[in-house]
Amino acid sequence: MSPINTFNNANNIITDEATFISPDKSVEFFVYSPQWSGNPKNYLEKTSNEILISENISKNPQEFVSPYGDTIIKTVIFQASDESYFRSYTSIMQQVGTQSPLHHVFGIKYKNDVSYKRYKNAYEQFKKSLHQYAD
C-alpha cells in the first residue's frame, strides 16, 4: 500500500502510477508519471505468462524534440500465452535538463481487438491528457 495523504477530509494515495478500468471491464489504462524520474514498479517487464509480440524503439521523434537532449520512445506489445489479453505500453524517456531524464509510461491492456477498437480513441485522449507540473 502506498502512503496516504489526507486533504479536505479525503484520503489520497501518494503514487506515481495508476490504472483505470473501463465500465465494461474489457480494457485497462495505465499511466506512470513521476514528478522527477524513475521507473514503474513492474509494468515494463514481461510476465511469465506473456509472449513478446513486438517492440519498437525510436529516437528523437519530431513530436518530442527537446533542446536539452535525446528522447527515446519504446513501444511494446505482449500477448497472454493463453490468449486472454494483450498488453501494450509506450515508454517516453526525455532529457529535459541536467537532471535525470523524465520518464512517462502509458499502457493499455485489452481482451481482444474489438475491445481495443472500442476504446482506442479514449486511450489516445488519455495519453494526451497528462499535464504535469513541478511544485
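Computed from the coordinates by the stated procedures, all read-outs in this text should not be read as laboratory data. For clarity, every value in this text was computed on a predicted model and none was experimentally measured. Every residue, glycine as well, gets a Cβ built from its backbone with ideal geometry; the counts of neighbours run over all protein chains shown.
Here is how the numbers come out for the structure above:
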| item | result |
| --- | --- |
| Candidate set: the stretch 90-115, residues that are of a type outside the set (S, T, N, Q) and outside any strand (DSSP E or B); chosen: the one nearest to Thr15 (Cα to Cα) | Pro101 |
| Strands (runs of 3 or more DSSP E) within the stretch 1-61 that include 2 or more residues within 16 Å of the chain's Cα centre (by Cα) and surrounded by 14 or more Cβ atoms within 10 Å (Cβ to Cβ) | 27-32 |
